[in-house]
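Engineer: Please see the structure below; I have some questions.
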Number of protein chains: 2
Amino acid sequence: MGEFELIRTYFAAAPCAQGGEGIALGIGDDCALLAVPPGEQLAISTDTLVAGVHFADPCDPFLLGQRSLAVAVSDLAAMGAYPLAFTLALTTPTVAADWLQRYAQGLNAMAQRCGVGLVGGDTTRGPLSLTVTVFGRVPAGLALTRSGAQPGDLLCVGGDLGNAAGALPLVLGQRSAAAQIAEPLLGHYWSPQPQLALGMALRGKATSALDISDGLLADCGHIAKASAVSLVIERQRLPLSAALLAFLGDEQARSAALSGGDDYVLAFTLPPTELGPLLAEGWPVHVVGRVEAGAGGRLLDAGGHDITPAVRGYQHFRETP
Amino acid sequence: MGEFELIRTYFAAAPCAQGGEGIALGIGDDCALLAVPPGEQLAISTDTLVAGVHFADPCDPFLLGQRSLAVAVSDLAAMGAYPLAFTLALTTPTVAADWLQRYAQGLNAMAQRCGVGLVGGDTTRGPLSLTVTVFGRVPAGLALTRSGAQPGDLLCVGGDLGNAAGALPLVLGQRSAAAQIAEPLLGHYWSPQPQLALGMALRGKATSALDISDGLLADCGHIAKASAVSLVIERQRLPLSAALLAFLGDEQARSAALSGGDDYVLAFTLPPTELGPLLAEGWPVHVVGRVEAGAGGRLLDAGGHDITPAVRGYQHFRETP
């Protein structure tokens, strides 16, 4: 089966693969064509997942399909972009119908949930890896970047942290847990929900934003560097799920929330005056610290003491000049 | 070295990696931002090259850098799109500074030649492969697709065919040739020149177009299927380079031109009235056949006899209903 037949059979079943909003031409020609309304810009991000590096192989292809799209779409959320479309470059050692079908089902399920249509891709033979490129649109000048944080801003996150890091020993089969603990943690790992609506709600309000993929400490380092400020994180204010607390205990749960990756929750800074209205509208905004003049970052314990060096991950955080 | 540092160090040296025309935000944030003028659409294409499948490993990383971008940009040419930008997802087993530097130099050289800027990407550890996604813009309604060929149209190509297929035994070290033969053939293979200007000149004139990557016969099959017509190719009219003729002889050279892949020359159909003006303007347009009502395609010899079944590749060609 040729690459075109393969990609069409398994992936073009997505409901919006042809003719979705903003998709002028979908799969099957040399290029796809996207329409961008006047005054808007196109947001683009690319993510690669490699078997044995970013996910265990073998794994459930349905879950992998969901996750491979979600982690890419999360970058659109981090820019405040409205989701449009994606391409998939799939490299696979064999054309295994069952695997491809399940993978495509997971991908399509996440595509529907996120409102993106598959517009093209490439299917090649080789060691298993997946590159997803996502496209969204955002009004010119309103994209959320990493570079606008100001001293005096609050540092906030969009939800519980550390769940995906907590799930990792379950994913790798190193530990087990009761269903009421394992299910929510594994759900966060395999099926992260890109915070698209929150990202769009933060347009014109947040001064900087990103999605947490490397862990809160490391990712706050990216904001600090791009904005040329210092970020202060209060360890006691990190939002933690009941499942994570029950699984790891308070101390380890906080470490997972600080240094674990793969949360795909938004982290952002905003002037204090913006906080109240967002909370009143019901957005999940948790204050975890603040922006100061300076560089790099500091981690404070419940008593306000600087405990930065004692935390795993601080080095990456501190490294940023 | 983290992925950001790696990608920045070696790839961000491209002159238009930041702030090129149409690039509102380049490398370094969650997404890149592209500006698309009102009335234009964004053209997108993705190509993956896998070591050992699409190129020999080891190979000259400079040449690989050139080629990996050129084959992707060629899809923009095939749509008549104006080139803007690209992303690179690079998976590599080791962070080898020399290799990356040479690869980036080749990539940047081709990026300059094609007028595209690197706007983002991902760098991951794993078996060597490269996924390039390219972006261009084209006035709404003027993109060249595969689906508009009409009976009575001429079938044309934009230059000599078969050179890359002829080069393959040289690339693989299976044969050698005198420099005056090897150099032009290897040049076509490693450094194909996307026909961007020709593609744009064909807007509003060609009724269908694509770039030849699978070989003329197979790719004409794609046009025939998408346009629901039959394509007739006259074997004697295929344009061949002096180097290919000297290397393979007339018979084998014509076979390479029909069934060899990787030419990245445009194939297109146009009404006969459009031919003269294009030739008068100096565009490289070679008539190789015509469009008829029907399905699939036919290959004719110098005497006008149907020789379709006798040619390698016919099956793929015929397969298209």
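The values are calculated or read from the model by the stated rules, or taken from the named source; none is laboratory data. Because the structure is predicted, anything quoted here is derived from the model rather than measured. Positions of Cβ are generated from backbone atoms using ideal geometry, with glycine treated the same way; all protein chains shown enter the neighbour counts. We work out accessible area using only protein heavy atoms, side chains counted, and drop any ligands, DNA or RNA first. Shrake-Rupley method; radii C 1.70, N 1.55, O 1.52, S 1.80 Å.
Engineer: If we hang a label 7 Å off Cα along the beta carbon direction at A:G294, how far is it from the matching labels on the other copies, in nm, shortest first?
Structural biologist: A:G294 label point versus its equivalents elsewhere: 7.9 nm.
Engineer: Show me the trypsin sites (Lys or Arg not before Pro) within the range A:133-177 that DSSP assigns to loop and that have at most 16 other Cβ atoms within 10 Å of their Cβ.
Structural biologist: A:R175
Engineer: Given a 1.4 angstrom probe, I'd like the percentage of the accessible area of the protein assembly as shown that is carbon and sulfur, rounded to a whole number.
Structural biologist: 53
Engineer: Over the range B:154-319, what relative contact order in percent results from Cα pairs under 8 Å that are six or more residues apart?
Structural biologist: 40
Engineer: In nm to one decimal, list the spacings between the A:A197 label point and its equivalents in the other copies, with label points set 7 Å along Cα to Cβ, shortest first.
Structural biologist: 5.3
Engineer: Then there's this: Buried accessible area for the B:A pair, summed, 1.4 Å probe, in Å² rounded to 100?
Structural biologist: 3800
Engineer: Sequence gap at least 6, Cα distance under 8 Å: using those rules, report the relative contact order of chain A to the nearest whole percent.
Structural biologist: Reported relative contact order: 21 percent.
Engineer: Any lysines with Cα under 28 Å of the B:K205 Cα? List them, leaving off those in the same chain fewer than 8 positions away.
Structural biologist: Within reach: B:K225.
Engineer: Let me have the 222 nm mean residue ellipticity of chain A computed from DSSP H runs of 4+ only, each contributing -39500 (n - 2.57), with the sum over all residues rounded to the nearest 500.
Structural biologist: -11500 deg cm²/dmol
Engineer: Take the eigenvalues of the Cα gyration tensor for the range A:73-200, scale each by 5, and report the square roots as semi-axes in whole Å, largest first.
Structural biologist: In descending order the semi-axes read 29, 24, 13 Å.
Engineer: I would also like to ask the following. Enumerate the residues in the range A:100-132 having an amide nitrogen under 16 Å from the point lying 7 Å beyond the Cα of A:A197 toward its Cβ.
Structural biologist: The answer is A:112-116, whose backbone nitrogens lie closer than 16 Å to the label point.
Engineer: If you don't mind, there's one more thing I want to ask. What angle do you read, to the nearest 10 degrees and between 0 and 90, between the alpha-carbon axis of helix B:61-78 and the longest principal axis of chain B?
Structural biologist: Between helix and principal axis, roughly 50 degrees.
Engineer: Evaluate the Kirkwood expression for the hydrodynamic radius of the range B:154-319, namely the inverse of the mean inverse distance over all pairs of different C-alpha atoms, and round to one decimal in Å.
Structural biologist: Result for the range B:154-319, one decimal place: 16.0 Å.
Engineer: Let me ask another. Restricting to chain A, compute how many DSSP beta bridges are antiparallel as a %, nearest 5.
Structural biologist: Antiparallel bridges: around 75 percent, rounded to the nearest 5.
Engineer: Going from the alpha-carbon gyration tensor of the protein assembly as shown, what semi-axes, largest first and in whole Å, does one get by taking the root of 5 times each eigenvalue?
Structural biologist: 48, 24, 23
Engineer: What's the average, rounded to a whole number, of partner chain beta-carbon atoms within 10 Å of each residue's beta-carbon in A:116-125?
Structural biologist: Mean partner-chain Cβ count within 10 Å for A:116-125: 4.
Engineer: Sequence-distant or interchain residues sharing an amide H contact under 5 Å with A:G52, placed H: which?
Structural biologist: Amide H neighbours of A:G52, under 5 Å, 5+ apart: A:D57.
Engineer: A follow-up question, please. Shape verdict for the range A:3-139, please, from the Cα gyration tensor: rounded (a/c under 1.5), prolate (a/b greater than b/c) or oblate.
Structural biologist: Cα axes put the range A:3-139 in the prolate bin.
Engineer: Let me ask another. Build a GNM of chain A with springs between Cα atoms under 10 Å: which of A:G166, A:G297, A:G152 gets the top mean-square fluctuation?
Structural biologist: A:G152
Engineer: Against the longest principal axis of chain A, how steep is helix A:242-259, in degrees 0 to 90 to the nearest 10, with axes from Cα atoms?
Structural biologist: Value to nearest ten degrees: 80.
Engineer: Which angle from 0 to 90°, rounded to the nearest 10, does the C-alpha axis of helix A:216-227 make with the longest principal axis of chain A?
Structural biologist: 90
Engineer: Which one of B:Q150, B:Q180, B:Q112 has the biggest mean-square fluctuation once chain B is modelled by GNM with Cα springs under 10 Å?
Structural biologist: In the Gaussian network model the winner is B:Q180.
Engineer: Please report, for the Cα atoms of chain B, the Rg to one decimal and the Dmax as a whole number; what are they, in angstrom?
Structural biologist: Rg then Dmax for chain B, in Å: 20.1, 64.
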